[in-house]
Amino acid sequence: MEGMKLIGIQENSTVVVQKARAKGERNPFKSDSFKRENRVTLDLTYLFDAPGPGSISKEDFEKLIPKAMKAHQLLRENKGDIFDKGIAMTGWQDMPVQITPSHISEINDAARQLASRIDAYVSLGIGGSYLGIEATIKALTHTYFNQLSREDRGGVPEIYFLGQNMDPDYFRDTLDMLEGKRVGVNVISKSGTTTETAIAFRIIRKLMEDNWGEAAAGLIIVTTDKKKGALRRLAEQKGYTTFVVPDNIGGRFSVLSDVGLVGLSVAGIDIEEFVEGFKDMRERCMSDDFWQNPCLAHAVARHLAWQKGKKIEVVATNSTALYGVARWMEQLFPESEGHKGHGMWVSPSLYSEKLHANGQMVQEGERNILETFLYLKEHDNRLNIPLDEEDLDGLNFLAQRGRDMNFVNRMVVEGPAYAHYKGGVPCIIVEVPRRNAYNIGQVYYMMERSVAISGYLLGHNPFIQPGVEAYKKAMFALIGKPGFEELRREMEEEMSKKARVKI
Ligand code: PA5
């Protein structure tokens, strides 16, 4: 039997875009018409007056505006509870207008130079040193990117992620994908001491050195603090190319810094377009007119929902490509808001898949849910629904009316938004016109600023994560890290007194 041919199916537009990138073709992201057509918007229509407990009224919303405006002012002036070890952690807020063309060129040059010499690029990092990079690459590339030919990928290497977990099977499986390939690595860690990243780097570095000896150094990029940390020392000793995680930007706010930009450039993504998205959303978010400022409205909507007892935010998207962005939000908000018993749990969801998994709970479960739709308006491809002579599934009405899969896909946002709202779930809709770097940049900046405002509204510093240290210390004690002996003794003693309940 011959293999299947895609008869009647159009060329994949995501691949067309990837190939165009290889030829240096770019979106006209500076033009007014492009900006008009690619404006990320916030729709609060379904936020107000959902029936049932915890309903949000416009009146309650308006009462919070003065507090939000005060927070807006403080943030702009870098004042308030925003410091970590004496540094105001708000470097991300002006970064879109501070990044210089020469720095962008430096990143593009290093990325292209490395990409041209390798078959596979491995990005090592966890949390803020991982999620934004993966989310952006997934948002802007083919679902099966690594399985495409290099030409179809746009002339760039395959891309892998390691160091984001401690799973030996995942790691080993990834090594299989790297076998026989020329490999380049970017190890990303602001602290330079994160165990997951450090162990991953140790294994990969050994493999690279065993294969290529001293030449391995030319295939390694280190992205870390500009002066301190174990990685910085190692990089200086070995002569690796280095990039910097700025002092005043925390991991989850760092996707626009070298942390994100190097990997995106390796993947062929237009990082200037990405910066432009951040820049334009920054301008909108600097507005003192509350109703023209999407980040302020977003922050107030979420804060009020939380006050009204909404403890879970389902971030649902109708695009597999944008699911990673929902996962990025899953870190950004809980790590910033989860202090002093505050905060909403963020649950990333892909619709309509999840509607057949936990949709029942969203519709009729405890009314403690806020739903945010990351709504992609135009997918890259259109898929027609064919006419069928027998029409046994009864779907000819779609084909007869010229309704394609894209139309039905949009209804998996509009349908649930309506039904869930009627069931007592307030909804926020973030409309993303298309899959391009400009739009993803806008979404990121809006969310980063929104969570910063949220910190002021909640009354705590959103830029620190002392809670993450607790697990690290316990793990260090258990793995026998020198310096943690006392804690290990304490833990063992405490655990020995606990009655074991094991069935
Ligand atoms: O947002 C954060 O600060 C964290 O998620 C960090 O990015 C994460 O813990 C990784 O830290 P590091 O970059 O120091 O390895």
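Rounded to the nearest whole Hz, the Karplus-based 3J(HN,Hα) values (6.51 cos²θ - 1.76 cosθ + 1.60, θ = phi - 60°) of segment 212-221 follow the sequence 10, x, 5, 5, 4, 4, x, 10, 10, 10, with x at glycine and proline. Maximal additional length on extending the residue 340-residue 113 stretch stands at 77.1 nm, based on 0.36 nm per residue less the C-alpha distance.
For segment 256-287, trypsin sites (Lys or Arg not before Pro) meeting the loop criterion (DSSP other than H, G, I, E, B) and having at most 13 other Cβ atoms within 10 Å: none.
Our coupling estimate for segment 279-295, obtained by passing each phi through the Karplus curve with A = 6.51, B = -1.76, C = 1.60 and θ = phi - 60°, is 4, 6, 5, 4, 4, 5, 7, 8, 4, 8, 8, 3, 6, 10, 10, x, 6 Hz, Gly and Pro reported as x. Residues whose amide H lies under 5 Å from that of residue 461, counting only those 5 or more places away or on a different chain, are absent; hydrogens are built 1.01 Å from N in the peptide plane.
At full extension, residue 41 and residue 23 could sit 3.4 nm farther apart than now, given 0.36 nm per residue minus the alpha carbon distance.
Ignoring lysines fewer than eight residues from residue 308 along the same chain, the ones with Cα atoms less than 16 angstrom from its Cα are 58, 63. With contacts taken as Cα pairs under 8 Å at a separation of at least 6 residues, segment 184-335 carries a relative contact order of 15 percent.
Take every pair of alpha-carbon atoms less than 8 Å apart whose residues are at least six positions apart; their mean separation over the length of the chain yields a relative contact order of 23 percent.
Each residue of the chain gets 208 Å³ once the volume of the Cα convex hull is shared out per residue. Full extension of the segment from residue 62 to residue 34, taken as 0.36 nm per residue of separation minus the current Cα-Cα distance, would add 6.8 nm. Treating r as the C-beta distance of residue 490 and residue 193 and R0 as 22 Å, the FRET efficiency rounds to 0.50. Here the simple spin-label model places points 7 Å from the Cα toward Cβ, and for residue 209 and residue 171 these points are separated by 1.6 nm.
Grab the beta carbon distance between residue 393 and residue 10, set R0 = 30 Å, and tell me the FRET efficiency rounded to 0.05. E(calc), rounded to 0.05, equals 0.80.
In the chain, a dipole from Cβ-located charges (positive for Lys and Arg, negative for Asp and Glu) runs towards its positive end, and of 339, 116, 10 it is 339 whose Cα lies farthest in that direction.
Remark on residue 372: its backbone amide H falls under 5 Å from those of 314, 315, 316, 428, a criterion applied only to residues 5 or more positions apart or on other chains, H modelled at 1.01 Å from N. Averaging the sequence gap over all C-alpha pairs within less than 8 Å and six or more residues apart, then dividing by the number of residues, gives segment 262-346 a relative contact order of 19 percent. Dividing the summed helix terms, -39500 (n - 2.57) for each DSSP H run of n ≥ 4, by the number of residues in the chain produces a 222 nm estimate of -15000 deg cm²/dmol to the nearest 500. Round to a whole angstrom and tell me the spacing of the C-alpha centers of segment 84-133 and segment 1-60. Computed from Cα coordinates, the inter-centre distance equals 24 Å. In this structure, residue 179 and residue 409 have a Cβ-Cβ separation that, at R0 = 41 Å, corresponds to a calculated FRET efficiency of about 0.60. Counting only DSSP beta bridges with both residues in the chain, the antiparallel share comes to about 10 percent. Percent of Cα-Cα pairs more than 28 Å apart in segment 88-269, please. Across segment 88-269, Cα pairs with separations above 28 Å total 17 percent.
Placing +1 on the Cβ of every Lys and Arg and -1 on the Cβ of every Asp and Glu, with no other charges, gives segment 28-137 a dipole of roughly 240 debye about its Cα centre. Segment 367-389 and segment 160-195 have their alpha-carbon centroids 33 Å apart.
Compactness ratio for segment 136-204: Cα radius of gyration over 2.2 N^0.38 Å (N = residue count) comes to 1.21.
Along segment 228-245 the Karplus relation, 6.51 cos²θ - 1.76 cosθ + 1.60 evaluated at θ = phi - 60°, assigns HN-Hα couplings of 9, x, 4, 5, 4, 4, 4, 4, 5, 5, 8, x, 6, 5, 10, 10, 10, 9 Hz to successive residues, with x for each Gly and Pro. Distance from the alpha carbon centroid of segment 415-476 to that of segment 198-262 works out to 28 angstrom. For segment 88-269, a crude dipole built from +1 on the beta carbon of Lys and Arg and -1 on the beta carbon of Asp and Glu, taken about the Cα centre, is about 420 debye to the nearest 20. For segment 88-269, the number of Lys pairs with C-alpha atoms closer than 16 Å, counting only pairs eight or more positions apart or on separate chains, is 8. Under the simplified labelling scheme, the residue 499-residue 289 pair shows an inter-label distance of 6.6 nm, with each label point 7 Å from Cα along Cα→Cβ. Within the accessible surface of the chain, defined with a 1.4 Å probe on protein heavy atoms only, the carbon and sulfur portion equals 53 percent. About its Cα centre, the chain has a charge dipole of approximately 1240 debye under the convention of +1 per Lys or Arg Cβ and -1 per Asp or Glu Cβ, with nothing else charged.
Equivalent ellipsoid of segment 39-91: semi-axes from √(5λ) of the C-alpha gyration tensor, largest first, are 31, 14, 11 Å. Modelled spin labels at residue 69 and residue 320, positioned 7 Å past Cα toward Cβ, are 4.7 nm from each other.
The values are calculated or read from the model by the stated rules, or taken from the named source; none is laboratory data. None of the values given here were measured: they were computed from a predicted structure. Please note: Cβ atoms are built from the backbone with ideal geometry, for glycine as well, and neighbour counts cover all protein chains shown. The area values use the complete protein model at the heavy-atom level, side chains included, leaving out ligands, DNA and RNA. Shrake-Rupley method; radii C 1.70, N 1.55, O 1.52, S 1.80 Å.
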